[in-house]
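Note sheet for the following structure.
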Amino acid sequence: MIRVLFVGDGERDAAMLPALFQGILGVETRPETRIWKEIRLSSGGGFSKKLQFSILAARDRKLQGVVATVDRDKAPGRSRLAELKKGRDADRTKHAPIPTALGEAVPHGEAWLLDDAVAVRTVLALPEVIEIPPKEFARHPQKAIEKLISISTRRDERPREICAEIAKHIEHTRCHTAKETGFAGFVDDVRAEFREWVPKGK
């Protein structure tokens, strides 16, 4: 069991990140979650300072690490990820490091889910004729997930819970555009930062 603080852009990220992390490492996780917009600092500051605050909070709570992701959305490429790395580096100039894995989803976290069509079909029980993602929403992963849910038998369930379930079924080796979506970089960082928990042979 590993206790980790997960920080992301919204409620769906809070549900998805622990499941993705657990799938990457293959270890049971007891998550604590926070959302970026809910971290309000008196000194202001962007992702860098908010990440430093989150790392300090994890230390205070004696957690074993932090996982933080951002959506690229319309920001310049990797600028938000660079802010996170700046915050991680700043913390490590003052304190002994704790595992802190970072990722930037392009353009949103739902893109990581849609890249594994097998996982999506399994959870939503969709036939092969259904395109994943739907062509009209291929560049809009949030809308694409909502569209697929709306045509499934689970249309009355909350997207947050469905996204978390899809995340549990994700196998990164099936994600063919993982480099483009930022998922490959996230997987690599999780394994590098939490290397003592990576099972041998993985």
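No lab work stands behind these numbers, since they all come straight from the coordinates. Quick caveat: nothing in here was measured; it's all calculated off a predicted structure. With ideal geometry, Cβ positions are generated from the backbone for all residues, glycine too; neighbour counts draw on all protein chains shown.
Above 23 Å lies some portion of the pair distances; for the chain, what is it as a whole percent of all C-alpha pairs? Can you show the working numbers first?
Working: 8530 of 20301 pairs.
Distances greater than 23 Å cover 42 percent of the Cα pairs.
Please report Ser42, Ser54 as a ranked list, fewest other C-beta atoms within 10 angstrom at the top and most at the bottom.
The most exposed by this proxy come first: Ser42, Ser54.
Given charges of +1 on the Cβ of Lys and Arg and -1 on the Cβ of Asp and Glu, with all other atoms neutral, how large is the dipole of the stretch 116-169 about its Cα centre, in debye to the nearest 20?
Details: 10 positive and 9 negative charges, 28 e Å.
That gives the stretch 116-169 a dipole magnitude of about 140 debye.
Please turn the phi angles of the stretch 96-112 into ³J(HN,Hα) values with the Karplus equation 6.51 cos²θ - 1.76 cosθ + 1.60 (θ = phi - 60°), one per residue in order, whole Hz, x for glycine and proline.
Residue by residue, the stretch 96-112 yields 5, x, 10, x, 9, 8, 10, x, 10, 8, 10, x, 9, x, 4, 4, 5 Hz.
Excluding same-chain pairs closer than 8 in sequence, count the lysine pairs in the stretch 61-144 whose Cα atoms lie under 25 Å apart.
Within the stretch 61-144, the lysine pair count is 10.
Could you give the dipole magnitude of the chain about its Cα centre, charging the beta-carbon of Lys and Arg +1 and that of Asp and Glu -1, in debye to the nearest 20?
Dipole magnitude for the chain comes out near 680 debye.
Of Pro127, Gly65, Gly185, which is farthest on the positive side of the dipole of the chain, counting Cα position, with +1 on Lys and Arg Cβ, -1 on Asp and Glu Cβ, and the Cα centre as origin?
Gly65
Rank these for me by crowding, Val106, Val129, Val67, going from fewest to most other beta carbons within 10 Å.
Numbers: Val106 21, Val129 5, Val67 29.
Result, fewest neighbours first: Val129, Val106, Val67.
In the neighborhood of Lys62, defined by Cβ-to-Cβ distances under 15 Å, what is the net charge if each Lys or Arg adds +1 and each Asp or Glu adds -1? Intermediate values should be presented prior to the final figure.
Details: positive: Arg3, Arg30, Arg59, Arg61; negative: Glu32, Asp60.
Net charge in that neighbourhood comes out at +2.
Among Arg34, Arg61, rank each residue by its count of other Cβ atoms within 10 Å, from fewest to most, as a rough exposure measure. Walk me through the intermediate numbers first.
Values: Arg34 19, Arg61 10.
Neighbour counts put them in this order, fewest first: Arg61, Arg34.
Extending each Cα 7 Å along its Cβ direction at Ala192 and Glu128, get the distance between those two points in nm, one decimal.
3.9 nm
Compute, for the stretch 97-202, the length of the dipole vector about the Cα centre, with Cβ point charges of +1 (Lys, Arg) and -1 (Asp, Glu) only. Units Debye, rounded to 20.
Working: 16 positive and 18 negative charges, 26 e Å.
I would put it at about 120 debye.
Hey, what's the Kirkwood Rh for the stretch 116-169 if you take every pair of different alpha carbons, in angstrom?
Details: mean 1/r = 0.0909 Å⁻¹.
Roughly 11.0 Å, rounded to one decimal.
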